[in-house]
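One structure below.
The values are calculated or read from the model by the stated rules, or taken from the named source; none is laboratory data. Here the structure is a predicted model, which is why all the values come from computation and not from measurement. Positions of Cβ are generated from backbone atoms using ideal geometry, with glycine treated the same way; all protein chains shown enter the neighbour counts.
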Amino acid sequence: MIPIKILILTANPSNTGADPLGLDAEVRRIEEAFQRSRYRDRFQITTKLAVRTRDLRRALLDHRPQIVHFSGHGTGEKGLVLENDLGKVQLVSTEALAGLLGIFETGEIECVLLNACYSEIQATAIYQFVDCVIGMNQPIGDKSAVQFAEGFYDALGAGSDYEEAYKIGCSAISLEGSSEYSTPVLKNRKRRSATLSGNQTANQPLQPEIVPTEIAEPPRSQAIGNVTISGSNNPFNAVQAGGSVILSQSSTQSSGGHSDLEAALALLVKLRQEVSATDALSSFAKKDTESKIGMLQEELQKPKPDKSFVNEVIDALKQGLSGVLTLAAPVTQVAELLAKAWVGLL
């Protein structure tokens, strides 16, 4: 079984003007949490110290982690603090950090934990591309930061998903009598395609490994309400990746809102393919647009989609694609179909 890779990055420049952080202790406590855990063999930890900007890029490329953990200083709107070649402060802007993480395939990086003061700003930006991000909404003391990390990874090592692990981390701070338990902030969404093909994921609770007596045939189609999505191996992943799929309508399907919703989903599949193929967008804009389309597809496939969230994503897509008429037009069509679907589903 391929392990879940955790990449721990630390930076503690000598000229921050603050007392040095206890980053070595934090790394040691994280490693100890896994060494004693039930599922320790399912995780692989890599640690990079005194991280510079190129170290960050190379570590992500070399190790392809599912979990990225940063420990160090945060400055809020100015960004996170890394180190330069002299061990001094090197600020990395929120946009640059989110842009780097956004380059990777959707779902490849599952969770980012920014254990640094005022890092909620960076967490919000990264959340465009990563399904689970944790940041701090104010300064956090060294002791509380270590306690949160230890509790979080204790829980992951015991089989918890990210949301439960976050709550355990906050509880670890609270149990020590500190009021900083409310400082960590979780931003989390659960995709139906969260499990990596052939791999495992911590976005869902881990289960004891079972050796099957025979290999079951993987499903070739997936039913979502009255819509059946058919394609290769994992149908929903095919939609997310813009693969070749067929949307088929069941004979029991009702008219009105359902047909409009299905038509909107079909348009989104086509739009994602067109975004992937176009030369009119930068690679960053493509990734951003594909991420928004994925969020929209996921929400629309829920039994009760959040209309407000859907409308916000559509508005963001319209704004981002306003300069490319061939891509903006389908978004307008999706909006019109959904407006009719909401009425038909009342």
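For the structure I just gave you, tell me whether residue 107 is surrounded by 15 or more Cβ atoms within 10 Å (Cβ to Cβ) and closer than 30 Å to residue 296 by Cα.
Considered against the rule, which asks whether it is surrounded by 15 or more Cβ atoms within 10 Å (Cβ to Cβ) and closer than 30 Å to residue 296 by Cα, residue 107 comes out as yes.
Counting only residues that are out of contact with any helix residue (DSSP H, G or I) (no Cβ under 9 Å at 6 or more places or on another chain) and acidic (Asp, Glu), how many does region 106-153 have?
So the answer is 1.
Taking the condition part of a helix (DSSP H, G or I) and under 23 Å from residue 79 (Cβ atoms), does residue 145 pass?
yes
If residue 40 passes every condition in (1) touching a helix residue (DSSP H, G or I) at 6+ places or on another chain (Cβ under 6 Å); (2) free of Cβ contacts under 8 Å to residues at least 12 places away in the same chain but one, which one does it miss?
All conditions pass for residue 40, except number (2).
Among the residues of region 148-177, how many are touching a residue at least 60 places away in the same chain (Cβ under 8 Å) and not in a loop (DSSP other than H, G, I, E, B)?
So the count comes out to 6.
All but one of (1) out of contact with any Phe, Trp or Tyr (no Cβ under 7 Å at 6 or more places or on another chain); (2) modelled with pLDDT of 95 or more; (3) not basic (Lys, Arg) hold for residue 199, so report the exception by its number.
(2)
Going by what's in this entry, would residue 268 be described as modelled with pLDDT of 90 or more and either outside any loop (DSSP other than H, G, I, E, B) or closer than 20 Å to residue 131 by Cβ (or both)?
Values: modelled with pLDDT of 90 or more: yes; either outside any loop (DSSP other than H, G, I, E, B) or closer than 20 Å to residue 131 by Cβ (or both): yes.
For residue 268, the condition - modelled with pLDDT of 90 or more and either outside any loop (DSSP other than H, G, I, E, B) or closer than 20 Å to residue 131 by Cβ (or both) - is met.
Please go through region 63-75 and pick out each residue that is of a type outside the set (A, V, I, L, M, F, W, C) and either within 18 Å of the chain's Cα centre (by Cα) or within 17 Å of residue 112 (Cβ to Cβ) (or both).
63, 64, 65, 66, 69, 71, 72, 73, 74
Determine if region 151-163 includes at least one residue that is under 15 Å from the mean Cα position of the chain (by Cα) and under 16 Å from residue 75 (Cα atoms). Spell out the reasoning first.
Quick first cut of region 151-163, residues under 15 Å from the mean Cα position of the chain (by Cα) only: 161-163.
This time we only want the ones that are under 16 Å from residue 75 (Cα atoms), so: none.
Within region 151-163, not a single residue is under 15 Å from the mean Cα position of the chain (by Cα) and under 16 Å from residue 75 (Cα atoms).
Quick one: would you say residue 74 is surrounded by fewer than 17 Cβ atoms within 10 Å (Cβ to Cβ) and farther than 15 Å from residue 153 by Cα?
Considered against the rule, which asks whether it is surrounded by fewer than 17 Cβ atoms within 10 Å (Cβ to Cβ) and farther than 15 Å from residue 153 by Cα, residue 74 comes out as no.
So which residues in region 78-104 are surrounded by fewer than 18 Cβ atoms within 10 Å (Cβ to Cβ) and among the polar types (S, T, N, Q), if there are any at all?
84, 93, listed by residue number.
So which residues in region 80-112 are in contact (Cβ under 8 Å) with a residue 40 or more places away in the chain and charged (D, E, K, R)?
83, 88, 108, 110
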